[in-house]
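Worksheet for the structure shown next.
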Amino acid sequence: MLLNLKPGAIIDVVATSYPYFDTTAQQVTDFISSLGYQARISEDFQEKGADPFSANTDKIRAKNLINALKAQDSEVIWAFRGGYGATRLISELDKHDFSKTPKVIIGYSDLTALAVYFTQKYNWKFIHSGMVNGFLQGEQSDELETIKTMLNDSWKKLNYNLIPINAASKQGNSLSGKIIGGNLSIIQCGLGTKWHIDTKSKILFFEDIDERGYKIDRTILHLKDAGCFDEALAVIVGNISCVEEKDGSTLCDTAVNRFAQSLNIPVFKSNQFGHGDQNYPLIFNHEAHLTMEDAPYLVFENK
């Protein structure tokens, strides 16, 4: 079982990254209430001018996140927004022990840093999916229904289609393993740190936004040279929104396909996850089954 929140349960909403000053704490509270739960969000979750890049100072963002992580009356932390800032909090998180208050965190993009940190250090599960402000702005609203079933434990199975893009992904085999990963650029930021991603016997997932093809190629090569694919079971590449070259072409797919051909493990693509029109939930650190048939698919089951 992933979660089984009762009606009225507390969900902590924390702004670790970018602000969005058109959204108020009351709007966040109303959104969580519409799902049948009670939001807890600090009034200082964002402040204009406090930080050039993020919703508030590192000190206040870390304080709010740590309070949510240590709260004994909640099981879920839902990120307000992505962008930039979560990586700046990890050194402060490392001073604390959160093992007595396990959480499921929901978010993606910049929250990749927390996904890797908490799945590896505490063996927590992480739902890679839309964030609160995105749903308030009407983004990827279809996926919210799936999240609702995950919160109240009414989901049975999540089934996602995949596209095979190298020889190993077309061999008709099957495998099972846990998924880890998130935003490609953030994964790269963690290399060589205390939250360096461990992909051994894992399915590595990555996606990205607003990058040119050569940067995707360079980042994937860095991960490859760092050994991130050496003992991985498979790779799933989510949506990569690509910046056009001067001639109007986009080269991100070229970079991904070249990378895929260089690996002996299965590599798949899917536009159902990431910064595109769809961002269906992936459960990191939860057993997944990957079937490589004529139409490959990924399955999570609620057992």
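The values are calculated or read from the model by the stated rules, or taken from the named source; none is laboratory data. Computed from a predicted structure; not experimentally measured. So basically every Cβ, Gly included, is an ideal-geometry build from the backbone, and we count neighbours across all protein chains shown.
Brief remarks follow.
- Flag set for A113, criterion: outside the structural domain of F229 (by TED's automatic domain parsing), of a type outside the set (S, T, Y) and in a helix (DSSP H, G or I).
- When residues in region 41-89 are screened for being under 21 Å from D22 (Cβ atoms) and among the charged types (D, E, K, R), 7 of them pass.
- Only one of the listed residues (L144, L136, L69, L93) is within 19 Å of I186 (Cα to Cα) and not β-branched (V, I, T). That residue is L93.
- All positions within region 189-216 that are buried (at least 19 other Cβ atoms within 10 Å of the Cβ), more than 17 Å from A260 (Cβ to Cβ) and within 14 Å of the chain's Cα centre (by Cα): I197
- Applying the criterion of at least 1 residues that are assigned by TED's automatic domain parsing to the domain that holds I90, farther than 30 Å from S91 by Cβ and modelled with pLDDT under 95 to the strands (runs of 3 or more DSSP E) found wholly in region 185-280 leaves an empty list.
Residue by residue, here is whether (1) in contact with a Ser or Thr (Cβ under 9 Å, 6 or more places away or on another chain); (2) under 20 Å from S176 (Cα atoms); (3) surrounded by fewer than 18 Cβ atoms within 10 Å (Cβ to Cβ) holds:
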residue	(1), (2), (3)
V237	yes, yes, no
C242	yes, no, no
V256	no, no, no
I265	yes, yes, no
N271	no, no, yes
D277	no, no, yes
P281	yes, yes, no
V299	yes, yes, yes
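Conditions tested, residue by residue: (1) among the aromatic types (F, W, Y); (2) in the same structural domain as K100 (by TED's automatic domain parsing); (3) in contact with a Cys (Cβ under 7 Å, 6 or more places away or on another chain); (4) over 24 Å from M150 (Cβ atoms).
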residue: T24; (1), (2), (3), (4): no, yes, no, yes
residue: F31; (1), (2), (3), (4): yes, yes, no, no
residue: R40; (1), (2), (3), (4): no, yes, no, no
residue: D51; (1), (2), (3), (4): no, yes, no, yes
residue: S54; (1), (2), (3), (4): no, yes, no, yes
residue: L65; (1), (2), (3), (4): no, yes, no, no
residue: L69; (1), (2), (3), (4): no, yes, no, no
residue: S74; (1), (2), (3), (4): no, yes, no, no
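- Look at region 124-151: where a residue is free of Cβ contacts under 8 Å to residues at least 60 places away in the same chain and a partner is assigned to a helix (DSSP H, G or I) and buried (at least 23 other Cβ atoms within 10 Å of the Cβ), sitting 6+ places away or on another chain with Cβ atoms under 8 Å, you get M131/S109; M131/L111.
- Qualifying residue in region 54-62 (condition: assigned to a helix (DSSP H, G or I) and within 18 Å of I11 (Cα to Cα)): yes
- Selected residue [outside any helix (DSSP H, G or I) and of a type in the set (S, T, Y)] from S91, S99, S33: S99
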